[in-house]
Amino acid sequence: MSQQSEFQFSYYPLKLWIDSVITIIALLSITLLFVWNKYQPYGIIIALIIWRVAWNHFYNTVKNLSRQLSGKPAIELTNEYFYDHINDIKIYWTNVKRINLWQSKGTTFICFDLKDFKSHVTQSKSLVDKFFYKLKVHQEDIFVKTEISLVKGKNIEIFDKVKRFMQHNTSHKSSL
C-alpha cells in the first residue's frame, strides 16, 4: 500500500541557490588549492580526505538543486511520517517525543527529539551521526534537525503546521 502525501512544502529557491553556490565554490576552491600546492602528495591526500568528509553535504546540495528544478517538495507530511527530502530522512510520528524550533546564525531548524535515535542513525548517511551513536555520546541530548530556511514560507508558520500535523496524527493514533 502506497502512502500518499497529505501536505508538501516546496523549496525556497533564493536561499537554496545561494547556499548551494557557496558550498560548491568553496569545496571546489579548497580542493584545487590543495591539489595545486607544491607539497605533493600531501595536498592530494588532504583533498581526498576533505572530499570524503564533505561528500554527503555536497551530494545533498546537488540533490536538492535537482529536486527544486524538477518541482519536487522539500518536505512531505503524511499520516505516518515526516519526510525530510533535504536530508533524505523519514521520521515516523510514533517515534517523536517533541519538536522544537531552533535558530542559529540566520538559519532555522525544526528539531525532533526522538524516542529511538537508532532508527534515525540507520537511515542517516552522515558519518558524524553514526560516529556519535557508536560512541554513545549523550544520545538523549541529540536532536534530529531539518533546516526549514530552505523551505518556502515563514519559518514559524511551517513549524506550526508541522507541530499541528504531528499532534493530530499522534492523538489520532493513540485514540485507536
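Figures for the structure shown
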quantity	calculated
From phi via Karplus (6.51, -1.76, 1.60), per-residue ³J(HN,Hα) for the range 91-107 in Hz, x at Gly/Pro	10, 6, 4, 5, 9, 9, 7, 7, 10, 9, 9, 9, 10, 8, 6, x, 10
Distant-in-sequence amide H partners of Asn79 (H built 1.01 Å from N, under 5 Å)	Glu6
Sequence ranges 26-36, 108-118, ranked by mean other-Cβ count within 10 angstrom, highest first	108-118, 26-36
Inter-part distance where the range 85-110 and the range 1-75 are each reduced to a Cα centre, Å	20
Separation in nanometres of the label points that stand 7 Å from Cα toward Cβ, at Arg52 and Leu33	2.2
Peptides 44-56, 147-159 ordered by average Cβ neighbours within 10 Å, highest first	147-159, 44-56
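Values in this text are rule-based calculations from the coordinates and carry no lab data. Not measured: the values here are computed from a predicted model. Positions of Cβ are backbone-derived with ideal geometry, glycine not excepted, and every protein chain shown enters the neighbour counts.
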